[in-house]
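A quick write-up on the structure given underneath.
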Amino acid sequence: MTPRTLLAITALVLPAMGLPAAPEEPSPPVLGFALGARVSAAFPMGSVLSDPGNGSLLIDELIAVSIPLQIDVGMTVHRRWFVGAYAQYAWSVLQIGECKVGQSCSMTGLRLGLQATYAFRDHGGPWAGLGTGWEWMFTSYTSPSFTTKLDVAGWEYANFQAGWDVEVSPGWMVGPWVSGSVGEFSRASLKRDGQTTDTSIPNRAVHGWFQIGVKGSFSL
């Protein structure tokens, strides 16, 4: 067999045999587990209640800023959807003059609810979400002569979220986020002189929070 014949046979046989197929990357799981944590600064808007006689009790007249910490737990769907629950606890800085000399004052908040977010790209990028849940605000004023605690609670109709994730390693994301919420306080509990009074708030008012902070998350 001449070299020319051998080359012709090789040219015919190799295409028929084909090249070995490249190994396919395993497809990501449809469902996964996700855990996140957030820290932010929250600024109040709106009122605790509306009083026709004395005017509305504005939240920003009580609170200058709050520092919330939030935990997110849930499932990812096709890596881009996150569906789960959130729990947020916040410590508030009162406005100057709200706590009188000789008093001990504190104001904290708790939010629990469900949320869903969508990532517009794989491996980081913009995302947006929506949540809803229940909100509490706890206030305490103590002096040598009295102790008063007022807790209010109500439905947070919606909180709108958006942010940008940066993938720092496989499965780990970190980035900025913002949110705005709308809700109403509908229940109040007053504790003073050893007595507790629970009541509904007759003159409800809309309030909300604007938050800006940093979020970190891990998903499998």
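The values are calculated or read from the model by the stated rules, or taken from the named source; none is laboratory data. Keep in mind the model is a prediction, meaning the values are calculated, not measured. Counting neighbours? That spans all protein chains shown, and the Cβs are built from the backbone with ideal geometry, glycine included.
Residues in the stretch 117-149 that are hydrophobic (A, V, I, L, M, F, W, C), surrounded by fewer than 16 Cβ atoms within 10 Å (Cβ to Cβ) and closer than 23 Å to Val73 by Cβ: 4 in all.
Residue-wise test of (1) in contact with a Phe, Trp or Tyr (Cβ under 9 Å, 6 or more places away or on another chain); (2) surrounded by 14 or more Cβ atoms within 10 Å (Cβ to Cβ).
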position	(1), (2)
Gly175	yes, yes
Glu184	yes, yes
Arg192	yes, no
Ser200	no, no
Asn203	no, no
Gly208	no, yes
Gln211	yes, yes
Lys215	yes, yes
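All of Ser145, Ser106, Ser140, Ser92 fail the test of being in a loop (DSSP other than H, G, I, E, B) and not β-branched (Val, Ile, Thr), apart from Ser145.
Inspect all residues belonging to the stretch 151-159 and state whether any of them is assigned to a loop (DSSP other than H, G, I, E, B) and either over 13 Å from the mean Cα position of the chain (by Cα) or closer than 25 Å to Val65 by Cα (or both).
No, the stretch 151-159 contains no residue that is assigned to a loop (DSSP other than H, G, I, E, B) and either over 13 Å from the mean Cα position of the chain (by Cα) or closer than 25 Å to Val65 by Cα (or both).
Taking each residue of the stretch 136-160 that is free of Cβ contacts under 8 Å to residues at least 60 places away in the same chain and over 21 Å from Arg204 (Cα atoms) and looking for partners that are assigned to a strand (DSSP E or B) and β-branched (Val, Ile, Thr) with beta-carbon atoms closer than 6 Å, six or more apart or interchain, yields Tyr141/Thr148. Scanning the stretch 109-124 for residues that are modelled with pLDDT of 95 or more and over 11 Å from the mean Cα position of the chain (by Cα), we see that the one that is nearest to Val83 (Cα to Cα) is Tyr118.
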